[in-house]
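The values are calculated or read from the model by the stated rules, or taken from the named source; none is laboratory data. Not measured: the values here are computed from a predicted model. A quick note on method: Cβ atoms are made from the backbone with ideal geometry, for glycine too, and the neighbour counts reach across all protein chains shown.
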Amino acid sequence: MKKNFYYPIMAFSMLAAVSCGGEKKLGAGIDPSNMDKTAKPGTDFYQYACGGWIEKNPLTAEYSRFGTFDKLAEDNIKQIQDLIEDIASKEQQPGTVAQKINTLYNLAMDSVKLNNEKAEPIKEDLQRIAAVTDKAQLPALIADMQQMGIDLFFATYVGADEKNSSNNLFQTFQSGISLGQKEYYLDKDSVTENIRNSYKTLVNNMFQLAGYDQTVSQKKMEDVLKIETAIAEGSLTATELRDPYANYNKMSYDEAKKKFAGFDWDAYMKELGVTVSEINISQPKHMEAVMNIFKNSSLDELKSYLEWKLLDSSASYLSDDFYNESFNFYGKVLSGKQEASPRWKRSVKVVNSTLSEAVGQMYVEKYFPPQAKERMVELVKNLQISLGQRIDVQEWMSDETKKKAHEKLDAFYVKVGYPDKWRDYTNLDIKNDSYWANIKRSNQFEYAYMYSKVGKPVDKTEWHMSPQTVNAYYNPTTNEICFPAAILQYPFFDMNADDAFNYGAIGVVIGHEMTHGFDDQGSLYDKDGNLNNWWTAEDSERFKAQTKVMEDYFNKIEVLPGLMANGKLTLGENIADHGGLKISFQAYKNATKNAPLETIDGFTPDQRFFIAYSTLWAGNVRDEFIRLVTKSDPHSLGRWRVNGALPHIDAWYEAFGITENDPMYLPKENRANVW
């Protein structure tokens with residue numbers, strides 16, 4: 001629907017419930033059984049801090065990556081399930097949120113109905129595509145299908161005008177390729193070739209499940225690959241997409257129609273139900289490629305592409321043969337999973353996504369303790385003070401830039417726990433017809449909500465994560481940091497642990513999100529959220545020199561044989577980890593300067609700080625998933641958020657006595673020193 005304009009601490013979200021219990025914890029918050037004390041801190045700190053956890057939590061067939069985030073979901077999703085199933089088990093008043101949850105969950109769980117229906121729920125949609133007799137009919141159809149949640153050619157969204165951040169602007173963003181990253185269509189290595197061949201099999205098989213014979217399915221698959229490859233060729237890489245200036249191309253609507261002619265934009269906008277005078281074409285190169293595809297492709301080829309995208313989008317909401325075919329590729333081949341999640345878990349997640357704030361409201365009422373929010377607000381204030389102190393001592397930053405940095409820091413809009421105002425789901429129509437029909441209506445509901453913002457002021461109170469999400473984010477256009485209720489739980493936060501633990505865990509998360517306001521992307525936005533370079537030219541160069549040290553360091557990390565990490569793609573997140581560690585460590589020292597903490601269970605307070613941080617990234621991961629995220633994810637792998645981050649932190653060396661004789665030792669002059 002829209003680009004991921006905020007910067008979460010992880011690339012995915014999980015359901016969880018707040019709990020300060022459930023896993024064995026000592027008074028220090030550290031569970032020694034999660035560690036591997038046979039490993040040496042200076043050789044492999046990740047193994048030292050997380051080795052026990054990794055051994056206790058092996059990958060199951062359901063997961064391609066299983067880490068602390070996943071464990072929170074695995075341990076606690078049943079609490080969300082209990083909320084939903086309690087509602088789903090009773091008759092509910094029509095039109096209420098409870099009725100919507102009841103109907104949607106029961107439809108999702110009704111495997112007999114789904115398997116009897118087979119492809120029937122999408123037959124009408126397929127017929128509409130088949131009935132098209134002229135390319136001129138396609139723009140309106142594409143707009144309609146996009147509002148159903150189908151990813152076609154390019155995405156449209158409404159978000160802050162990045163150079164006038166108080167106003168919402170209609171914008172486009174590159175999209176339309178089912179494999180997500182252009183490299184999967186263009187790279188020639190054997191692994192990528194095998195993935196591409198498996199994808200061809202998926203497309204062919206899905207068309208056959210929809211009722212097409214082998215010959216027709218083969219031809220349609222070839223049409224799909226031709227069009228998606230052309231889209232991929234015109235797409236920017238994940239690294240290129242990180243340049244906000246390159247992605248800002250605002251123009252008048254009339255100018256856009258002339259520049260990207262050959263597509264009936266008026267018919268498209270009419271179907272969306274929006275009227276615009278200006279538009280941001282975020283990636284002109286991609287849009288030009290789409291226009292050329294429209295010009296040079298036959299109507300049958302374009303229709304094959306639309307049919308495929310319908311099949312691909314609806315597969316999870318149809319019969320088991322559709323779902324399994326889709327999972328065999330996206331789950332197994334692309335991600336390395338061995339079996340799908342159970343139906344109840346998938347169903348809970350769909351209800352949670354569709355009615356996220358309604359479920360969130362129930363979740364907060366039952367599971368979120370007010371004292372956790374109070375403690376979090378205090379921690380955020382302390383981290384803001386610490387970041388201000390870190391700004392003041394930076395030798396690479398001039399007084400002029402420091403002044404503006406303080407202004408931006410003071411202007412942070414902080415959100416903790418849950419929104420003050422909940423979404424209204426009155427106009428979302430959930431009926432007992434088909435699972436897919438309800439998914440379409442829910443997507444149409446969300447698009448209508450989003451498009452209603454065109455030309456209106458940005459609402460800074462709006463949340464971009466639900467309270468039950470185990471994550472946090474920074475949004476540059478509102479200069480906000482957000483910490484949903486569900487992240488305030490062990491191992492991120494423990495009401496019973498001392499400051500060494502909590503500053504090492506949730507404190508670094510807070511510092512991470514704050515640092516995003518000053519990373520290589522966030523630093524391009526001013527205190528009001530406008531894309532506006534507020535640095536002196538000299539400071540920008542010194543900043544780039546320091547961050548280049550980190551970029552080069554991560555570029556040398558081999559994540560799989562022959563596959564290197566992407567230091568440029570992950571630079572923003574690596575800077576945020578670096579800043580989060582430094583800012584939170586200083587905040588912890590500030591908090592304990594008048595009451596020093598004791599050594600507990602053989603760990604000094606400083607050691608507990610770094611162990612607590614490292615435990616957040618414990619996990620096991622399959623090679624397929626490593627390859628997938630290395631191509632696309634701006635976050636480094638968990639191992640390297642520890643072993644790649646800590647060698648640049650002076651306090652870590654002091655806490656564990658790391659010397660030049662240790663493999664992880666990095667000479668001081670070679671360490672990045674941003675904050």
Those residues of the stretch 343-370 which are farther than 19 Å from ALA472 by Cα and not hydrophobic (A, V, I, L, M, F, W, C), in sequence order:
ARG343, LYS345, ARG346, SER347, THR354, GLU365, LYS366
Mind listing whichever residues of the stretch 661-675 are of a type in the set (D, E, K, R) and free of Cβ contacts under 8 Å to residues at least 12 places away in the same chain?
GLU669
Options SER304, SER313, SER386: the member that is closer than 21 Å to ASN443 by Cα, part of a helix (DSSP H, G or I) and at pLDDT 95 or above
SER313
Under 6 Å between Cβ atoms, which residue pairs at least 6 apart in sequence (or on different chains) link something in the stretch 438-463 that is closer than 23 Å to GLY95 by Cβ with a partner that is acidic (Asp, Glu) and at pLDDT 95 or above?
ARG441/ASP429
Note on the stretch 579-598: residues in contact (Cβ under 8 Å) with a residue 60 or more places away in the chain and either farther than 16 Å from GLN384 by Cα or acidic (Asp, Glu) (or both) are THR592, LEU597
Tally time: how many residues in the stretch 87-129 are part of a helix (DSSP H, G or I), of a type in the set (A, V, I, L, M) and touching a residue at least 40 places away in the same chain (Cβ under 8 Å)?
10
Selected residue [under 21 Å from the mean Cα position of the chain (by Cα), buried (at least 21 other Cβ atoms within 10 Å of the Cβ) and closer than 30 Å to PRO58 by Cα] from LYS345, LYS332, LYS337, LYS349:
LYS337
Within the stretch 590-602, can one find any residue that is crowded, with 22+ Cβ neighbours inside 10 Å and either touching a Cys at 6+ places or on another chain (Cβ under 9 Å) or closer than 22 Å to ILE506 by Cβ (or both)?
no
Filter the stretch 396-420 down to residues that are within 17 Å of VAL377 (Cβ to Cβ), of a type outside the set (Phe, Trp, Tyr) and in contact with a Phe, Trp or Tyr (Cβ under 9 Å, 6 or more places away or on another chain), then give me how many there are.
6
If we scan the stretch 441-450, do we find a residue that is in contact with a strand residue (DSSP E or B) (Cβ under 7 Å, 6 or more places away or on another chain) and at pLDDT 95 or above?
yes
Please specify each residue of the stretch 30-64 satisfying the condition of being within 25 Å of PHE609 (Cα to Cα) and touching a strand residue (DSSP E or B) at 6+ places or on another chain (Cβ under 9 Å).
ILE30, PRO32, CYS50, TRP53, ILE54, ASN57
Take the residues of the stretch 475-522 that are hydroxyl-bearing (Ser, Thr, Tyr) and over 16 Å from HIS464 (Cβ atoms): which is surrounded by the fewest Cβ atoms within 10 Å (Cβ to Cβ)?
TYR490
Looking at the stretch 619-675, what helices (runs of 4 or more DSSP H) fall wholly within it and have at least 2 residues that are at pLDDT below 95 and either more than 24 Å from ILE54 (Cα to Cα) or more than 27 Å from the chain's Cα centre (by Cα) (or both)?
623-632
Pick from the stretch 227-249, criterion touching a His at 6+ places or on another chain (Cβ under 9 Å) and in a loop (DSSP other than H, G, I, E, B), ranking: surrounded by the fewest Cβ atoms within 10 Å (Cβ to Cβ):
LEU236
Could you grab the pairs with beta carbons closer than 7 Å, sequence gap of 6+ or different chains, first residue in the stretch 390-414 and free of Cβ contacts under 8 Å to residues at least 12 places away in the same chain, second one surrounded by 15 or more Cβ atoms within 10 Å (Cβ to Cβ)?
ASP392/LYS402; LYS402/ILE391
Picking from VAL224, VAL191, the residue that is of a type in the set (Val, Ile, Thr) and buried (at least 22 other Cβ atoms within 10 Å of the Cβ) would be VAL224
Among the residues of the stretch 594-616, the number that are at pLDDT 95 or above and either of a type in the set (Lys, Arg) or not in a loop (DSSP other than H, G, I, E, B) (or both) is 12
Considering every residue within the stretch 419-435, establish whether at least one is surrounded by fewer than 21 Cβ atoms within 10 Å (Cβ to Cβ), assigned to a loop (DSSP other than H, G, I, E, B) and under 21 Å from the mean Cα position of the chain (by Cα).
yes
